[in-house]
Amino acid sequence: MPAPLLKNFHDATQDAVGMTRNLATDGYSCSAVDHTVTVVYAERSGLDENGKLVTEAADIDDSQDKARLTMRSSGSATQDTLVRKDVHARLTIRMRVTEKMDNSLGNMHGGCAATLVDNITSMVVFYHTSGVYGQPWSFLGVSQNINVLYLNACPIGSVIEMDVYSAQVGKNIALLTAEFWIVQRADGTEDDGEGPVHDGKWQRTVRTVTGSHTKVDNSTKIKL
(Lines give C-alpha, C1' and ligand atoms only; values in the text may rest on other atoms or scores of the structure.)
Protein backbone atom coordinates (compact mmCIF):
# COMPACT_ATOMS: atom_id res chain seq x y z
CA MET A 1 0.00 0.00 0.00
CA PRO A 2 1.52 3.37 -1.01
CA ALA A 3 2.43 5.84 1.72
CA PRO A 4 0.03 8.77 2.21
CA LEU A 5 0.91 12.00 0.43
CA LEU A 6 2.44 14.87 2.33
CA LYS A 7 -0.02 17.43 3.66
CA ASN A 8 -1.10 19.96 1.10
CA PHE A 9 0.62 23.33 1.37
CA HIS A 10 -2.32 25.10 2.98
CA ASP A 11 -2.91 22.49 5.68
CA ALA A 12 0.76 22.33 6.62
CA THR A 13 0.82 26.12 6.89
CA GLN A 14 -2.34 26.16 8.99
CA ASP A 15 -0.73 23.66 11.35
CA ALA A 16 2.27 25.98 11.71
CA VAL A 17 -0.04 28.92 12.45
CA GLY A 18 -1.92 26.86 15.02
CA MET A 19 1.33 25.93 16.72
CA THR A 20 2.36 29.58 17.08
CA ARG A 21 -0.92 30.30 18.85
CA ASN A 22 -0.55 27.33 21.19
CA LEU A 23 3.02 28.29 22.06
CA ALA A 24 1.98 31.85 22.88
CA THR A 25 -0.81 30.85 25.24
CA ASP A 26 -0.02 27.57 26.96
CA GLY A 27 2.79 25.60 28.56
CA TYR A 28 6.42 26.32 29.32
CA SER A 29 7.19 27.99 26.00
CA CYS A 30 4.62 30.76 26.39
CA SER A 31 7.25 32.74 28.34
CA ALA A 32 9.33 32.88 25.15
CA VAL A 33 6.57 33.49 22.59
CA ASP A 34 4.58 36.73 22.43
CA HIS A 35 0.99 36.94 21.21
CA THR A 36 2.20 39.11 18.30
CA VAL A 37 3.86 36.04 16.74
CA THR A 38 2.87 35.68 13.09
CA VAL A 39 3.80 33.46 10.14
CA VAL A 40 4.56 35.73 7.18
CA TYR A 41 6.08 33.40 4.57
CA ALA A 42 6.13 29.68 3.77
CA GLU A 43 7.91 27.63 1.14
CA ARG A 44 8.29 23.96 0.27
CA SER A 45 10.36 22.50 -2.53
CA GLY A 46 11.19 19.00 -3.70
CA LEU A 47 11.12 16.60 -6.60
CA ASP A 48 7.93 15.33 -8.19
CA GLU A 49 7.39 11.72 -9.32
CA ASN A 50 9.33 12.48 -12.51
CA GLY A 51 12.30 14.01 -10.71
CA LYS A 52 11.38 17.58 -11.65
CA LEU A 53 11.87 20.35 -9.10
CA VAL A 54 8.60 21.67 -7.67
CA THR A 55 8.26 24.74 -5.46
CA GLU A 56 5.30 25.91 -3.41
CA ALA A 57 5.64 29.39 -1.90
CA ALA A 58 3.28 31.96 -0.43
CA ASP A 59 3.03 35.12 1.63
CA ILE A 60 0.92 34.44 4.72
CA ASP A 61 -1.63 36.54 6.58
CA ASP A 62 -2.63 34.82 9.82
CA SER A 63 -3.97 37.91 11.58
CA GLN A 64 -7.32 36.19 12.16
CA ASP A 65 -5.75 32.88 13.26
CA LYS A 66 -6.39 31.33 9.85
CA ALA A 67 -3.68 30.94 7.24
CA ARG A 68 -4.60 33.05 4.24
CA LEU A 69 -2.09 32.36 1.49
CA THR A 70 -1.14 34.61 -1.40
CA MET A 71 0.70 32.23 -3.69
CA ARG A 72 4.02 33.27 -5.20
CA SER A 73 4.25 29.99 -7.10
CA SER A 74 1.89 28.36 -9.56
CA GLY A 75 -0.85 25.98 -8.49
CA SER A 76 -3.33 25.91 -5.64
CA ALA A 77 -2.32 25.63 -2.00
CA THR A 78 -5.23 23.28 -1.30
CA GLN A 79 -4.55 20.76 -4.06
CA ASP A 80 -2.57 17.58 -3.44
CA THR A 81 1.10 18.42 -3.38
CA LEU A 82 3.26 17.26 -6.26
CA VAL A 83 6.31 16.96 -4.01
CA ARG A 84 7.40 13.36 -3.49
CA LYS A 85 11.02 13.38 -2.28
CA ASP A 86 14.08 15.50 -1.42
CA VAL A 87 11.81 17.86 0.50
CA HIS A 88 12.95 21.15 2.02
CA ALA A 89 10.76 23.71 3.77
CA ARG A 90 11.21 27.27 4.98
CA LEU A 91 9.14 29.50 7.26
CA THR A 92 9.54 33.15 8.18
CA ILE A 93 7.95 34.09 11.49
CA ARG A 94 7.83 37.61 12.94
CA MET A 95 7.37 38.58 16.59
CA ARG A 96 7.90 41.43 19.02
CA VAL A 97 10.37 41.04 21.90
CA THR A 98 8.48 41.87 25.10
CA GLU A 99 9.14 42.44 28.80
CA LYS A 100 8.47 38.82 29.76
CA MET A 101 11.56 37.84 27.77
CA ASP A 102 13.82 40.33 29.61
CA ASN A 103 17.23 39.17 30.87
CA SER A 104 17.30 42.12 33.34
CA LEU A 105 19.60 44.01 30.94
CA GLY A 106 16.85 45.15 28.59
CA ASN A 107 17.38 42.37 26.05
CA MET A 108 15.92 38.97 25.22
CA HIS A 109 17.20 36.27 27.57
CA GLY A 110 19.47 33.69 25.94
CA GLY A 111 17.28 30.88 27.26
CA CYS A 112 14.32 32.48 25.51
CA ALA A 113 16.19 32.49 22.20
CA ALA A 114 17.12 28.83 22.69
CA THR A 115 13.48 27.96 23.40
CA LEU A 116 12.48 29.73 20.19
CA VAL A 117 15.08 27.79 18.18
CA ASP A 118 13.67 24.59 19.68
CA ASN A 119 10.03 25.31 18.92
CA ILE A 120 10.04 27.43 15.79
CA THR A 121 12.33 25.10 13.84
CA SER A 122 9.97 22.21 14.61
CA MET A 123 7.22 23.88 12.58
CA VAL A 124 8.88 23.15 9.23
CA VAL A 125 8.42 19.43 9.94
CA PHE A 126 4.70 19.90 9.21
CA TYR A 127 5.72 20.14 5.53
CA HIS A 128 7.47 16.75 5.69
CA THR A 129 4.62 14.60 6.93
CA SER A 130 1.22 13.35 5.88
CA GLY A 131 0.04 13.87 9.45
CA VAL A 132 -1.49 10.38 9.43
CA TYR A 133 -1.10 8.76 12.86
CA GLY A 134 2.08 6.71 13.04
CA GLN A 135 3.40 7.83 9.66
CA PRO A 136 6.92 9.35 9.52
CA TRP A 137 7.23 12.62 11.44
CA SER A 138 3.52 12.69 12.26
CA PHE A 139 4.43 13.75 15.83
CA LEU A 140 7.19 16.15 14.71
CA GLY A 141 9.89 14.10 16.44
CA VAL A 142 11.83 14.72 19.65
CA SER A 143 14.96 16.80 20.19
CA GLN A 144 18.39 15.19 20.15
CA ASN A 145 20.60 18.27 20.04
CA ILE A 146 20.19 22.07 19.96
CA ASN A 147 22.99 24.54 19.23
CA VAL A 148 22.58 28.31 19.56
CA LEU A 149 25.06 31.03 18.63
CA TYR A 150 24.37 34.50 20.01
CA LEU A 151 25.60 37.24 17.67
CA ASN A 152 23.83 40.41 18.86
CA ALA A 153 21.30 41.42 21.49
CA CYS A 154 17.55 41.60 20.83
CA PRO A 155 16.37 44.69 22.76
CA ILE A 156 12.98 44.66 24.47
CA GLY A 157 10.46 46.32 22.14
CA SER A 158 12.30 45.33 18.97
CA VAL A 159 10.77 43.13 16.28
CA ILE A 160 12.53 39.98 15.12
CA GLU A 161 12.12 37.75 12.09
CA MET A 162 12.91 34.07 12.53
CA ASP A 163 13.88 32.27 9.35
CA VAL A 164 13.77 28.49 9.84
CA TYR A 165 14.69 25.82 7.31
CA SER A 166 14.73 22.04 7.03
CA ALA A 167 18.24 21.35 5.81
CA GLN A 168 17.60 17.60 5.82
CA VAL A 169 14.73 15.41 6.98
CA GLY A 170 15.40 11.71 6.58
CA LYS A 171 13.70 8.54 7.75
CA ASN A 172 14.89 8.94 11.33
CA ILE A 173 16.85 12.18 11.74
CA ALA A 174 16.01 15.79 10.90
CA LEU A 175 18.47 18.68 10.78
CA LEU A 176 16.76 22.05 11.11
CA THR A 177 18.34 25.50 11.11
CA ALA A 178 17.35 28.95 12.35
CA GLU A 179 18.45 32.51 11.74
CA PHE A 180 16.99 35.46 13.68
CA TRP A 181 17.11 39.09 12.53
CA ILE A 182 16.03 42.40 14.03
CA VAL A 183 13.74 44.14 11.54
CA GLN A 184 12.55 47.72 11.19
CA ARG A 185 9.66 49.30 9.34
CA ALA A 186 10.48 49.97 5.69
CA ASP A 187 7.16 51.45 4.58
CA GLY A 188 7.24 54.89 6.21
CA THR A 189 5.04 53.77 9.10
CA GLU A 190 6.42 54.46 12.57
CA ASP A 191 6.49 51.41 14.81
CA ASP A 192 4.70 52.11 18.09
CA GLY A 193 6.67 49.45 19.96
CA GLU A 194 3.55 47.55 20.96
CA GLY A 195 1.21 46.84 18.07
CA PRO A 196 0.79 43.97 15.58
CA VAL A 197 3.65 43.10 13.27
CA HIS A 198 1.98 40.99 10.58
CA ASP A 199 1.35 43.73 8.03
CA GLY A 200 3.47 46.28 6.19
CA LYS A 201 7.01 46.11 4.88
CA TRP A 202 9.95 45.31 7.14
CA GLN A 203 13.69 45.41 6.53
CA ARG A 204 16.26 43.16 8.20
CA THR A 205 18.99 45.16 9.90
CA VAL A 206 20.95 43.03 12.40
CA ARG A 207 21.42 39.27 12.57
CA THR A 208 21.08 38.25 16.20
CA VAL A 209 20.91 34.46 16.58
CA THR A 210 21.76 31.40 14.53
CA GLY A 211 20.96 27.87 15.61
CA SER A 212 20.56 24.27 14.63
CA HIS A 213 18.20 21.61 15.92
CA THR A 214 18.53 17.87 15.41
CA LYS A 215 15.40 15.79 15.93
CA VAL A 216 14.65 12.07 15.98
CA ASP A 217 11.40 10.70 14.56
CA ASN A 218 9.23 9.11 17.27
CA SER A 219 6.13 8.32 15.22
CA THR A 220 6.67 4.56 15.06
CA LYS A 221 7.25 4.22 18.79
CA ILE A 222 4.09 6.15 19.57
CA LYS A 223 2.12 3.97 17.17
CA LEU A 224 3.40 0.86 18.97
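The values are calculated or read from the model by the stated rules, or taken from the named source; none is laboratory data. Bear in mind the structure is a predicted one, so any value in this text is a computation, not a measurement. Ideal geometry is used to build each Cβ from the backbone, glycine not excepted, and the neighbour counts take in all protein chains shown.
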Are any residues in the stretch 92-114 buried (at least 24 other Cβ atoms within 10 Å of the Cβ) and under 10 Å from the mean Cα position of the chain (by Cα), and if so, which ones? 93
For the stretch 205-215, how many residues are under 18 Å from the mean Cα position of the chain (by Cα) and surrounded by fewer than 16 Cβ atoms within 10 Å (Cβ to Cβ)? 1
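Working carefully through the options 102, 59, find the one that is over 19 Å from residue 170 (Cα atoms), touching a residue at least 24 places away in the same chain (Cβ under 8 Å) and in contact with a strand residue (DSSP E or B) (Cβ under 8 Å, 6 or more places away or on another chain). Walk me through it before giving the result.
Details: 59 fails: touching a residue at least 24 places away in the same chain (Cβ under 8 Å).
Just one listed residue meets the conditions, 102.
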Looking at this structure, is residue 23 hydrophobic (A, V, I, L, M, F, W, C), modelled with pLDDT of 95 or more and more than 24 Å from residue 183 (Cβ to Cβ)? no
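Listed here are the residues, each with its yes/no results for (1) more than 27 Å from residue 86 (Cβ to Cβ); (2) at pLDDT 95 or above; (3) of a type in the set (Val, Ile, Thr); (4) in contact with a strand residue (DSSP E or B) (Cβ under 6 Å, 6 or more places away or on another chain).
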| site | (1), (2), (3), (4) |
| --- | --- |
| 149 | yes, yes, no, yes |
| 154 | yes, yes, no, yes |
| 163 | no, yes, no, yes |
| 168 | no, yes, no, yes |
| 171 | no, no, no, no |
| 175 | no, yes, no, yes |
| 182 | yes, yes, yes, yes |
| 186 | yes, no, no, yes |
| 194 | yes, no, no, no |
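For the stretch 177-209, which positions are in contact with a Gly (Cβ under 6 Å, 6 or more places away or on another chain) and β-branched (Val, Ile, Thr)?
Going through the stretch 177-209, the residues in contact with a Gly (Cβ under 6 Å, 6 or more places away or on another chain) turn out to be 178, 187, 189, 193.
Within the stretch 177-209, 189 is the sole residue that qualifies.
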Test residue 3 against the criterion of being at pLDDT 95 or above and of a type outside the set (Val, Ile, Thr), and give yes or no. no
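Only one residue in 86, 65 is touching a helix residue (DSSP H, G or I) at 6+ places or on another chain (Cβ under 7 Å) and on the phi > 0 side of the Ramachandran plot, so which one is that?
On the way: 86 fails: touching a helix residue (DSSP H, G or I) at 6+ places or on another chain (Cβ under 7 Å).
It is 65.
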With criteria (1) under 26 Å from residue 117 (Cβ atoms); (2) touching a Ser or Thr at 6+ places or on another chain (Cβ under 7 Å), residue 73 comes up short on (1)
Of these, 67, 57, 89, 12, which one is closer than 18 Å to residue 211 by Cβ and surrounded by 13 or more Cβ atoms within 10 Å (Cβ to Cβ)? 89
Please find, within the stretch 115-142, the residue that is surrounded by the fewest Cβ atoms within 10 Å (Cβ to Cβ) out of those that are within 12 Å of residue 165 (Cα to Cα) and among the aliphatic types (A, V, I, L, M). 125
Which of the residues that make up the stretch 154-185 are surrounded by fewer than 19 Cβ atoms within 10 Å (Cβ to Cβ) and either of a type in the set (Gly, Ala, Ser) or assigned to a loop (DSSP other than H, G, I, E, B) (or both)? 156, 157, 167, 170, 171, 172
